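Worksheet: one structure, shown below.
The values are calculated or read from the model by the stated rules, or taken from the named source; none is laboratory data. This one's a predicted model, so the numbers in the text were calculated from it and none came from an experiment. Please note: Cβ atoms are built from the backbone with ideal geometry, for glycine as well, and neighbour counts cover all protein chains shown.
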Amino acid sequence: MNILSKAGGVLFRTFLWVYFLISLYPLTYLLFFSLKNNDEIFYTNPLGFPLHLRIENYVQAITKHDIALYFKNSLIVSIVSILFVLALSLMFSYAAARLEWRLKGATYAYVLLGLFIPTQVILIPLAVLMRDVGIANSYSALIVPYVAFNLSFSSLIFYGFFRTIPLEIEESAYMDGASIYRIFLRIMLPLVKPAVATVTIFAFLSVWNEFPLALILITDNAHKTLPIGLLSFSGQFSTEWGPMGAAMVISSIPMILLYLVMGDQVEKALTVGSAVKG
Amino acid sequence: MRNFKHNPTATSLFVLPAILTFSAVVTYPLISTLLKSFYEWDGITEGTFIGFDNFTRLFRDDLFYTSLRNGIIFAVILTVFQLGLGTIMALTIINSKTFGRNALRRAYFIPVVLSVTVVCQLWLSMYNPGYGLFNKLFEFAGLSYRQDWLSSMGVTSIIAVTMVASWQSMGYQMALIYAGAKSIPEHFYEAAKIDGATTLQTHMKITIPLLAETYKICLIFCINAGLNAFAHMQIMTKGGPGTSTYSLTYMMTRSAFRLDEYGYGCAIAVTLVLQCLFVTLLINRFIARERLTY
């Protein structure tokens, strides 16, 4: 019995580390082939460490092709979207959590409905709408939907936070003559900083990696974000894996860095909203 | 005293931007999808009302059943793979005696933060029949077995596609289960410890039953992700070979944006929501009906 369970333990530990390799090796493989030429990837050294570090793949991806443009587009779309998500949902959830007005509960529930609506369902009319309004193929065509889609989750998080702040804080500020706007900006906002971090990480991940909307709404090369830009990239490079790998590595760097630096917060941001989705 | 909280100007200023954006981008298109599913519509004109014709056509369309079958395969594989492995991994890394638990946890989660395009293209290169990692590994092992993973007819290609999604988001389910298991209070385990239960017994009898709520959420995630699958087909197979890796969303975008049958696309979208809604209600009805409070 004892030997059996010991053997089982060893087997189980082996399994854990084998899956560790299954998780990480494809990424290592990508990093390696981004530094090789086709000959090495296909024949001489498909699996191991590159024999020469071919940095020129990266140079080629950046200078000869549009990876820098896509990166810039992704950055602009992400930053502007996040700023608007934060502004809109902070204001909304402050009003929903702390002010008194009619239909408050119904309005809050209305915004939360967004959590249950899959993007695909509204894709077709949305694409038609963007075209009719005349903002298809611009940054706004992505930023506006990204803001709208992230409102539900971020309002949920901020609402929860605003509810926990004691009423007395606002009241004493009001007695001191502060206006409602001043209370919101100077007193309430600093108190919800931890929630701002959670929402920012969540929105950044979802916007940076968003695929279906960007695919349908952006067709001109000048406004493509990384997930879509990489697609056309693989077409051009279908015969040259090295520069394609380099482009994939470049586009993943921000997310990998974010995760390596703030791993726990990233995991928390991605899992905290799940509790309500049921 | 409380009067400052009753401030219509400030309220509209705070509420309207969010409500207007949300209504224009989410509610209006949602209603539009519902209405237009009863129209023959090319996306440019108003379209003509045709009642349930789109739906009757859909239920006679073979492609609909292929897509539905693939959605179900996708959902089942995601569920089994991710919840199975996710549970094992989460309960292992929660044990502070596990060697290298932080390294394991980070490694299992890292594919989650990558973009679906990067992951799919990486797997495309690994699946490549001539030069890909998998066939190279067979070659290294001295086996003559080769497989053209994504071009096989039948279910091989849809399974190959699903494995990519399973690999990428296993860590996410693990993180959900881990977070759930961490919130179980210590005292639930005291009796088990006194009775000398093994770790496996403790998890089977205490942790997993207490995680019913979490499993409900994971299940809803996995099944909806499977039924909604789109990006993987779009990037890796374009629905092919033939139509063997079609999914409902892929069929929807193709109907609308390739064939200009916007009304038909909307009908597919409506069917898709009803499915997801049905599954979610079913899961809510049968799993973890009573909320646990510690």
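Restricting A:PHE202, A:PHE184, A:PHE153, A:PHE162 to residues that are touching a residue at least 40 places away in the same chain (Cβ under 8 Å), within 11 Å of chain B (Cβ to nearest Cβ), aromatic (Phe, Trp, Tyr) and closer than 26 Å to B:ILE19 by Cβ narrows the list to A:PHE184. Looking across region B:183-212, the residues that are under 13 Å from B:THR87 (Cα atoms), within 14 Å of another protein chain (Cβ to nearest Cβ) and more than 24 Å from the chain's Cα centre (by Cα) come down to B:LEU200, B:HIS203.
Given the structure, is B:ILE223 surrounded by 23 or more Cβ atoms within 10 Å (Cβ to Cβ), at pLDDT 90 or above and part of a helix (DSSP H, G or I)? Answer is yes for this residue. Would a scan of region A:97-112 turn up a residue that is at the interface with chain B (Cβ under 9 Å from one of its Cβ atoms) and either under 18 Å from the mean Cα position of the chain (by Cα) or under 22 Å from A:ILE228 (Cβ atoms) (or both)? No; the residues of region A:97-112 include none that is at the interface with chain B (Cβ under 9 Å from one of its Cβ atoms) and either under 18 Å from the mean Cα position of the chain (by Cα) or under 22 Å from A:ILE228 (Cβ atoms) (or both).
Residues checked against (1) at pLDDT 90 or above; (2) among the hydroxyl-bearing types (Ser, Thr, Tyr):
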site: A:ILE218; (1), (2): yes, no
site: A:THR225; (1), (2): yes, yes
site: A:LEU230; (1), (2): no, no
site: A:ALA246; (1), (2): yes, no
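Here is a yes/no grid of residues against (1) assigned to a helix (DSSP H, G or I); (2) more than 12 Å from chain A (Cβ to nearest Cβ); (3) surrounded by fewer than 20 Cβ atoms within 10 Å (Cβ to Cβ):
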position	(1), (2), (3)
B:ASP42	no, no, yes
B:ILE73	yes, yes, yes
B:ILE77	yes, yes, yes
B:LYS97	no, no, yes
B:LEU104	yes, no, no
B:TYR108	yes, no, no
B:LEU124	yes, no, yes
B:PHE134	yes, no, yes
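Any residue at all in region B:44-58 that's outside any helix (DSSP H, G or I), more than 23 Å from the chain's Cα centre (by Cα) and among the hydroxyl-bearing types (Ser, Thr, Tyr)? There is at least one residue in region B:44-58 that is outside any helix (DSSP H, G or I), more than 23 Å from the chain's Cα centre (by Cα) and among the hydroxyl-bearing types (Ser, Thr, Tyr).
You will find that of A:SER152, A:SER138, the residue that is polar (S, T, N, Q) and under 16 Å from B:LEU30 (Cα atoms) is A:SER152 and no other. All told, B:THR21 falls short of being buried (at least 17 other Cβ atoms within 10 Å of the Cβ), within 30 Å of the chain's Cα centre (by Cα) and over 23 Å from A:LEU185 (Cα atoms). If we scan region A:133-156, do we find a residue that is surrounded by fewer than 16 Cβ atoms within 10 Å (Cβ to Cβ) and over 19 Å from A:GLU210 (Cβ atoms)? Yes, some residue in region A:133-156 is surrounded by fewer than 16 Cβ atoms within 10 Å (Cβ to Cβ) and over 19 Å from A:GLU210 (Cβ atoms).
Candidates are the residues of region B:136-156 that are touching a residue at least 60 places away in the same chain (Cβ under 8 Å) and out of contact with any Phe, Trp or Tyr (no Cβ under 7 Å at 6 or more places or on another chain); the one that is farthest from the other protein chains (Cβ to nearest Cβ) is B:GLY154.
Could you tell me whether region A:57-70 includes any residue that is modelled with pLDDT of 90 or more, farther than 17 Å from A:THR225 by Cα and under 27 Å from the mean Cα position of the chain (by Cα)? So far as region A:57-70 goes, yes, one or more of its residues are modelled with pLDDT of 90 or more, farther than 17 Å from A:THR225 by Cα and under 27 Å from the mean Cα position of the chain (by Cα). Within region B:226-247, the set of residues being outside any loop (DSSP other than H, G, I, E, B) and under 13 Å from the mean Cα position of the chain (by Cα) comprises B:GLY226, B:LEU227, B:ALA231, B:HIS232. Of the helices (runs of 4 or more DSSP H) that lie entirely inside region A:163-247, those containing 2 or more residues that are within 26 Å of the chain's Cα centre (by Cα) span A:193-208, A:212-217, A:226-236. Scanning region B:213-240 for residues that are within 11 Å of chain A (Cβ to nearest Cβ) and among the small types (Gly, Ala, Ser) yields a count of 3. If you go through region A:112-150 and pick out every residue that is hydrophobic (A, V, I, L, M, F, W, C) and farther than 28 Å from B:SER247 by Cα, you end up with 2. Evaluated against (1) at pLDDT below 90; (2) at the interface with chain B (Cβ under 10 Å from one of its Cβ atoms); (3) buried (at least 22 other Cβ atoms within 10 Å of the Cβ), A:VAL276 falls short on exactly one condition, (3).
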